[in-house]
Amino acid sequence: MTRRIPAFLSMFDQLLASPSVSCTEPEWDEGNRGVAELLAGWLEALGFHCEIQPMPRRADKVNLVAVLGEGPGGLVLSGHTDTVPYDESLWSANPFGLTVREERLYGLGASDMKGFFAVALEAAQAFRGQRLREPLILVATADEESSMDGANQLVAAGRPRARHAIVGEPTDLRPARMHKGMMMEAVTVTGQSGHSSNPALGRNALDGMQQVMAELLALREELGTRHRNPLFEVPVPTLNLGCIHGGDNPNRICGACELHFDLRPLPGMALGELRATIRARLERIAGATGLTITMRSLFPGLEPYAEDATAPIVRAAEELTGFSAASVGFATESPLLQQLGMQTVVLGPGSIRQAHQPDEYMEQRQVEPMVTLLQKMIQRFCVEGRQ
């Protein structure tokens with residue numbers, strides 16, 4: 001069969017060369033349309049029908065949904081197109097281009113996770129022109145690293161629909177079927193500034209924040225006692241007090257203070273219930289102190305992810321890799337794909353140990369096994385249409 005797409009290393013290089021940093025800091029934040037258009041061009045050459053979906057308010061940020069075949073069901077190969085910010089001075093290789101050295105493929109996004117798309121296209125090209133019982137769908141999202149807005153936009157649109165999904169985050173070719181959720185919240189305590197010589201001249205927000213922090217740490221202990229899952233490396237929920245800002249001078253009563261914290265719940269713990277619990281405790285402190293205490297979410301949050309151990313996609317991944325599906329310590333878009341009705345497994349080339357690091361790389365020896373693995377998955381769920 002004549003090859004319709006560039007050679008694998010050329011695809012890898014071109015994907016890395018198209019910058020797509022996403023970040024909550026505006027000076028770093030970039031669009032991802034260039035990556036999506038590259039993928040769309042190659043996928044169309046393989047017979048896929050491609051749709052580029054702009055994000056609200058940002059035409060340079062897009063999702064790509066590419067479909068080969070028709071009908072309900074099918075298999076989704078899903079990943080995100082964005083990368084984290086970088087410090088080029090710490091890189092020995094060009095972040096925006098492929099460097100092959102010591103059988104490693106270096107570049108920003110090599111493992112997390114532009115490299116997965118090159119692998120997925122290499123696998124998909126074997127099925128050009130074949131009759132599929134159920135469709136093969138490639139999904140490439142925006143802003144996973146900063147907000148999950150891309151995947152949330154898919155959920156809001158209610159598509160694509162499929163029965164099975166592989167999220168190609170870097171797992172060293174070992175399947176995972178669960179990870180913790182993630183919520184990042186800001187608590188603001190507002191009091192009244194005044195001269196520090198007389199506490200009665202104001203209400204100190206820092207004093208109130210000390211009580212808020214103590215309450216959050218007490219909650220952390222309670223959650224760790226009530227919730228435990230030995231399938232995780234860290235088997236309990238975690239709560240981290242990340243940063244705090246308040247006051248402006250030692251001789252001035254602090255009028256306002258803000259704390260940012262991160263909470264990562266286990267499967268079975270709902271974000272809405274956790275937020276309600278925290279707000280109730282903050283309201284008690286506010287009532288006792290006369291301070292104004294509010295909480296807001298820094299991003300919508302991500303529910304914990306757990307897939308049934310008996311799901312066909314999980315069992316197929318275990319059979320084809322020889323490893324039992326475990327957990328990962330990082331968050332993915334899997335729970336959002338589940339909201340679209342898909343049974344999901346996290347499985348991809350590369351190591352999370354390389355992600356978000358200078359000189360990020362993927363081991364070249366993982367490429368061929370991952371291509372073969374994806375081809376067997378496509379054969380099973382799309383060509384044969386197994387459930």
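A short reminder: the numbers here are calculations on the coordinates, not readings from a lab. Note that the coordinates shown come from a computational prediction; the quantities given were computed from them, not determined experimentally. Methodologically, a virtual Cβ is constructed for each residue, glycine included, from the backbone with ideal geometry; neighbour enumeration extends over all protein chains shown.
Springs between Cα atoms under 10 Å define the GNM used for the chain, and in it the highest mean-square fluctuation of Val187, Val67, Val35 occurs at Val187.
With the simple spin-label model, which puts each label point 7 Å out from Cα in the Cβ direction, the Arg4 to Ala270 separation comes to 4.6 nm.
Select from the chain the helices, each a whole stretch of DSSP H, whose alpha-carbon atoms run 15 Å or more along the helix axis and whose Kyte-Doolittle mean is at least -0.5; answer none if there are none. Don't skip to the answer; put the middle values down first.
Details: long enough: 33-45 (18 Å, 0.60); 114-124 (16 Å, 1.18); 205-226 (31 Å, 0.04); 271-289 (27 Å, 0.02); 367-378 (16 Å, 0.92).
Within the chain the helices that satisfy the rule are 33-45, 114-124, 205-226, 271-289, 367-378.
Mean sequence separation of contacting Cα pairs (under 8 Å, at least six apart), scaled by the length of region 281-371, corresponds to a relative contact order of 20 percent.
Using a Gaussian network model of the chain whose springs link C-alpha atoms within less than 10 Å, name the residue from Ser197, Ser297, Ser78 with the highest mean-square fluctuation. Taking springs between Cα atoms under 10 Å, the residue moving most is Ser197.
How would you order 372-384, 243-255 from highest to lowest mean count of nearby Cβ atoms within 10 Å? Working shown, then result.
Working: 372-384: 19.7, 243-255: 13.7.
Answer by packing, highest mean first, reads 372-384, 243-255.
Segment Asn251..Met295, full-extension length gain: 13.1 nm, with 0.36 nm per residue of separation and the alpha-carbon distance subtracted.
Each semi-axis of the equivalent ellipsoid for region 266-336 is √(5λ) with λ an eigenvalue of the Cα gyration tensor; in descending order they amount to 40, 11, 9 Å.
The Rg/Rh ratio of region 1-93, with Rg taken over Cα atoms and Rh as the Kirkwood radius over Cα pairs, comes to 1.02.
Starting from the Cα coordinates of region 63-107, work out the convex hull volume and express it per residue in Å³. Could you put the intermediate results ahead of the total?
On the way: hull volume 5.6 nm³, N = 45.
Convex hull of Cα atoms, per residue: 124 Å³.
Taking every alpha-carbon pair under 8 Å whose residues sit at least 6 apart, region 183-297 reaches a relative contact order of 40 percent.
The ellipsoid equivalent to the alpha-carbon distribution of region 196-343 has semi-axes of 42, 14, 13 angstrom, derived from the gyration tensor eigenvalues as √(5λ) and listed largest first. Estimated at 0.36 nm per residue, the fully extended path between Asn240 and Glu103 surpasses their Cα-Cα distance by 45.5 nm.
Could you give the dipole magnitude of region 183-297 about its Cα centre, charging the beta-carbon of Lys and Arg +1 and that of Asp and Glu -1, in debye to the nearest 20?
180 debye
In whole Å, how far is the Cα centre of region 185-250 from that of region 53-122? If we compute the Cα centre of each part, the gap is 38 Å.
On a full-extension model of 0.36 nm per residue, what is the gain between Ala186 and Gln364, subtracting their alpha-carbon distance, rounded to one decimal in nm? Could you put the intermediate results ahead of the total?
Numbers: separation 178, 0.36 × 178 = 64.08 nm, distance 4.18 nm.
Extra length from Ala186 to Gln364 when fully extended: 59.9 nm.
Near Phe299, the amide H atoms lying under 5 Å from its own belong to Met184; only residues 5 or more places off or on other chains count, and H is placed 1.01 Å from N. When the Cα atoms of region 1-55 are aligned to their principal axes, the ranges along those axes come out at 46, 25, 10 Å in descending order.
Semi-axes of the equivalent ellipsoid of the chain are 43, 23, 18 Å, computed as sqrt(5λ) over the eigenvalues of the C-alpha gyration tensor in descending order. Going from the fewest other Cβ atoms within 10 Å to the most, the residues Leu298, Leu90, Leu68 appear in the order Leu90, Leu298, Leu68. Charge dipole of the chain (Cα centre as origin; +1 on each Lys and Arg Cβ, -1 on each Asp and Glu Cβ, all else neutral): 1060 debye, rounded to the nearest 20.
Which trypsin sites (Lys or Arg not before Pro) does region 5-109 hold that lie in a coil by DSSP with at most 13 other beta carbons within 10 Å? Provide the component values of the computation, followed by the final result.
Working: sites: Arg33, Arg57, Arg58, Lys61, Arg101, Arg104; in loops: Arg57.
Of the trypsin sites (Lys or Arg not before Pro), the ones in loops of region 5-109 whose Cβ has at most 13 other Cβ atoms within 10 Å are Arg57.
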